[in-house]
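The structure appears below as structure tokens.
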Amino acid sequence: MTQDTDSQYGFGTQAIHAGAPIDPHTGAVIEPISLSTTFGQSKPSVPLGVYEYSRSANPNRDNFEIAVATLEKAKYALALGSGSAATALIVQSLPVDSHIVSGADVYGGTHRYFTKVANTHGVTTTFVPDLAQDVKGAIKANTRLVWLETPSNPTLTVTDIARVAEILKEHESTTGIKIPLVVDNTFLSPYVSNPLVHGADVVVHSVTKYINGHSDVVMGVIATNSDSLHERFRFLQNALGSVPSPFDAWLAHRGLKTLHLRARQASTSAQQIAEYLNQHSKVSRVNYPGLKAHRNHEVVVRQHRDALGGGMISFRIKGGAQAASDFTSNTKLFTLAESLGGIESLIEVPAIMTHGGIPQAEREANGVYDDLIRISVGIEDTEDLINDIEQALALA
Ligand SMILES: Cc1ncc(COP(=O)(O)O)c(C=O)c1O
């Protein structure tokens with residue numbers, strides 16, 4: 001679906017109003033959930049309205065897609081059954097024997113898809129530590145996609161999207177081959193960053209995280225300004241059929257309407273928590289884009305709204321895997337669980353949880369040690385969160 005509202009409005013106004021028409025039949029301010037799988041026709045192949053069959057399009061999915069396209073400053077957005085389905089669809093759109101260049105420090109499921117699924121369909125991937133530096137050398141004659149996650153999961157490395165886009169433009173002007181740049185914007189949400197504005201061709205989200213924001217929907221979305229990529233993705237959305245239910249689209253749209261409030265609060269608390277951790281004697285390293293000492297902070301200032309660091313922090317605790325286990329088992333407000341981006345704070349140990357499937361040597365080369373702890377800061381009171389961390393660190 002295409003974007004809607006007037007760009008004169010701020011993010012919050014667009015989040016509330018984009019894709020949110022008043023129901024023309026009842027006047028309902030909040031859209032009804034349209035559960036019908038099929039829609040009537042007046043003559044064969046002449047639908048009564050704009051819909052035919054719910055896998056192809058559904059009013060709730062359309063409205064959600066309009067809202068995401070608007071907030072990502074994209075012409076189009078397409079919703080999928082999960083973030084992983086979005087990744088799969090994009091890889092599926094590549095010709096056989098294609099090659100992908102990906103950042104090394106990506107979500108474990110993305111790494112798994114590239115190395116254990118895409119390769120069985122003849123698509124190979126080269127992982128590089130720093131795309132802005134290494135992408136040029138990694139491009140091959142059959143490279144058809146560059147995959148960038150920023151900030152990366154779980155070490156929160158920030159990559160300069162505009163720099164990578166510029167290198168790919170130079171490649172296009174010398175070879176005539178356009179290599180689309182895909183950015184996984186799950187960790188920041190469209191409130192904190194809009195990768196298309198910085199030169200990306202496609203943005204993907206695990207909607208499961210910040211966009212829905214309430215840890216009760218698994219869903220994904222793809223946004224782009226490219227007519228040709230959208231046409232291809234739209235065809236595959238229907239052909240592969242990995243679409244979200246109308247109820248999930250409705251819930252995620254409801255969650256999206258408060259994204260600006262949630263994302264700002266999570267970032268504000270995360271900044272204070274990161275500063276607290278940074279001076280704590282039991283912490284050996286803090287990865288947080290909002291810290292001035294962060295390696296890529298000058299990119300953060302250019303790429304993130306108000307230089308916000310987002311709601312995700314990772315840090316190394318002194319005392320190894322045992323201390324990581326003790327600490328994460330003793331927090332009271334931070335629930336020990338995978339996932340992120342919800343209203344409630346979560347904590348996890350990537351080496352044995354989200355990133356457990358990545359071989360140890362590869363994992364450690366990317367900074368994912370046994371003592372690394374990842375936290376997703378929710379929207380509880382900041383002081384309560386810091387107190388919770390303080391008491392659990394005392395027990396570790
Ligand atoms: C950065 C990132 N991308 C993609 C995904 C996959 O999304 P989903 O779990 O909705 O399939 C995740 C899931 O944790 C993620 O963290």
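The values are calculated or read from the model by the stated rules, or taken from the named source; none is laboratory data. Predicted model only: the values in this text are computed from it and were never measured. Cβ: placed from backbone, ideal geometry, glycine included. Neighbour counts: every protein chain shown. Calculation scope for accessible area: heavy atoms of the full protein, side chains included, ligands and nucleic acids excluded. Shrake-Rupley method; radii C 1.70, N 1.55, O 1.52, S 1.80 Å.
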Task: Given (1) closer than 28 Å to Gly255 by Cβ; (2) outside any strand (DSSP E or B), index of the condition Leu78 fails - done: (2)
- [ ] Mind listing whichever residues of the stretch 156-180 are open to solvent by less than 30 Å² (accessible area, probe 1.4 Å), within 16 Å of the ligand (Cβ to nearest atom) and not in a helix (DSSP H, G or I)?
- [x] Leu156, Val158, Thr159
Open item on the list: What pairs come out if I take residues in the stretch 331-346 that are under 20 Å from His205 (Cα atoms) and outside any strand (DSSP E or B) and pair them with residues that are more than 16 Å from the ligand (Cβ to nearest atom) and among the charged types (D, E, K, R) whose C-beta lies under 9 Å away, six or more apart or interchain?
Closed with: Gly341/Arg262; Gly342/Arg262; Ile343/Arg262; Ile343/Glu380; Glu344/Glu380; Ser345/Glu380; Ser345/Asp388
TODO: Might you let me know whether the stretch 66-80 holds any residue that is within 15 Å of the ligand (Cβ to nearest atom) and open to solvent by 20 Å² or more (accessible area, probe 1.4 Å)?
DONE: no
TODO: Specify the residue that is nearest to the ligand (Cβ to nearest atom); the eligible residues are those in the stretch 92-102 that are touching a Leu at 6+ places or on another chain (Cβ under 8 Å) and open to solvent by 10 Å² or more (accessible area, probe 1.4 Å).
DONE: Gln92
TODO: Sort through Ile30, Ile66 and tell me the only one that's farther than 30 Å from Ala141 by Cα, among the hydrophobic types (A, V, I, L, M, F, W, C) and assigned to a loop (DSSP other than H, G, I, E, B).
DONE: Ile30
Task: Selection from the stretch 350-376 of residues that are assigned to a loop (DSSP other than H, G, I, E, B) and more than 15 Å from the ligand (Cβ to nearest atom) - done: Pro359, Gly367, Tyr369, Asp370, Asp371
- [ ] Would you tally the residues in the stretch 195-209 being farther than 16 Å from Val146 by Cα, outside any strand (DSSP E or B) and either modelled with pLDDT under 95 or in contact with a helix residue (DSSP H, G or I) (Cβ under 8 Å, 6 or more places away or on another chain) (or both)?
- [x] 3
